[in-house]
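Heads up, the thing below is written out as structure tokens.
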Amino acid sequence: MDEAEADDPHPERAAVRATYDRIADHFAKTREYPWPEVEAFVDSAEFSENAEFVDGGDPASVALDLGCGNGRHAELLAERADRVVAADASRGVLATARERAANRRFDAELVQTDAARLPLRDATVGLAVYVATLHHLPSEATRRDSLDELARVLAPDGRALVSAWSTAHDRFDEDGDAEAGFDATIDWTLPGGETVGRFYHVYAPAEFEAEIAASDLELVEFELSSGNCYATVRSRA
């Protein structure tokens, strides 16, 4: 279910996609296991039973892994959901997710899409994880649009876990209590030593909470863990 890539009206997003296409295979090999925070969220979530996938059909429990990478969290969601949508902007990383699903025998519907424009109907997702992806979107407006899209597709009783890198991460010398984050280029080192720069917006915790509050999402719970901001959210609708 790939979207056309030609004539992309957002070249800055295309650049992020191209970066992950380039590093996809090596990136996938370094992302073997689900994050403990995601495991805890999925284990504790009450799953919505009133959702259906975009293509219609019988009502079914639907889980969304937005920014799915190699599918490690989609695999976790597949243990709970009738149907899993694994979405990513990068065709390359989706190929690694497809390989993982085949090797580990779990089902996920792979979708190449922009996080700010999801091909899902309103209120169709009971459980979602949106981790380590928001901070790669290259503008504040795009990040806000993606949060609003997540709110749009969540069912009334649905929940999502959203994460982003924080200034509290020990990689940075910034004050974890700062009000504003910053943009950064973080190198990914490929085998052989070649480096590929990746865009990050590194969030101050207060900024992250404020961005959630300004979106169509409602904050249920917030925590800092392992240098990341985590928000459990639901739709305001």
Restricted to segment 77-89 and to residues being modelled with pLDDT of 95 or more and touching a helix residue (DSSP H, G or I) at 6+ places or on another chain (Cβ under 6 Å), the residue farthest from F41 (Cα to Cα) is D88
Taking segment 89-108 and keeping residues among the hydrophobic types (A, V, I, L, M, F, W, C) and either closer than 12 Å to A24 by Cα or surrounded by 23 or more Cβ atoms within 10 Å (Cβ to Cβ) (or both) leaves A89, V93, L94, A95, A97, A108
Residue pairs qualifying under the 8 Å Cβ cut-off, at least six apart or on distinct chains, with the first in segment 94-121 being part of a helix (DSSP H, G or I) and the second being at pLDDT 95 or above and of a type in the set (D, E, K, R), are L94/D88; A97/D88; R100/R72; R100/E75; A101/E75; A101/D107; R104/E75
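Does G197 fit the bill of being over 23 Å from F41 (Cα atoms) and not in a loop (DSSP other than H, G, I, E, B)?
Answer is yes for this residue.
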Out of (1) in a strand (DSSP E or B); (2) in contact (Cβ under 8 Å) with a residue 60 or more places away in the chain; (3) surrounded by fewer than 16 Cβ atoms within 10 Å (Cβ to Cβ), the one V202 does not meet is (3)
(1) more than 19 Å from R91 (Cβ to Cβ); (2) at pLDDT below 65 all hold for P34 apart from (2)
- Query: When you look at V129, is it of a type in the set (V, I, T), out of contact with any Lys or Arg (no Cβ under 8 Å at 6 or more places or on another chain), closer than 24 Å to H169 by Cα and assigned to a strand (DSSP E or B), yes or no?
  - Reply: yes
Flagged in segment 37-67 as farther than 14 Å from L94 by Cβ and at pLDDT 85 or above, in numbering order, are E37, V38, E39, A40, F41, V42, D43, S44, V62, A63, L64
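Evaluate the following for D122: is it farther than 20 Å from V38 by Cβ and more than 14 Å from the chain's Cα centre (by Cα)?
So D122 fits the description; yes.
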Boolean, R17 is within 17 Å of the chain's Cα centre (by Cα), at pLDDT below 80 and surrounded by 18 or more Cβ atoms within 10 Å (Cβ to Cβ): no
| Boolean, V153 is crowded, with 21+ Cβ neighbours inside 10 Å and either more than 30 Å from D122 (Cα to Cα) or in contact with a helix residue (DSSP H, G or I) (Cβ under 9 Å, 6 or more places away or on another chain) (or both) | no
Residues in segment 121-130 that are touching an Asp or Glu at 6+ places or on another chain (Cβ under 9 Å), farther than 13 Å from V42 by Cα and buried (at least 21 other Cβ atoms within 10 Å of the Cβ) total 1
Of the residues in segment 132-165 that are assigned to a helix (DSSP H, G or I) and of a type in the set (S, T, N, Q), the one that is farthest from the chain's Cα centre (by Cα) is T142
Practice problem: Taking G67 as the residue in question, decide whether it is in contact (Cβ under 8 Å) with a residue 24 or more places away in the chain and on the phi > 0 side of the Ramachandran plot. | Solution: yes
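For segment 205-231, enumerate the residues that are out of contact with any Cys (no Cβ under 6 Å at 6 or more places or on another chain), under 21 Å from R144 (Cβ atoms) and without any contact (Cβ under 8 Å) to a residue 60 or more places away in the chain.
Within segment 205-231, A206, E207, E209, A210, A213, E218, L219, E221, F222 meet the criteria.
The values are calculated or read from the model by the stated rules, or taken from the named source; none is laboratory data. What you see is a predicted model, and the numbers here were worked out from it, not measured in a lab. No Cβ is skipped: glycine too gets one built from the backbone with ideal geometry, and neighbour counts run over all protein chains shown.
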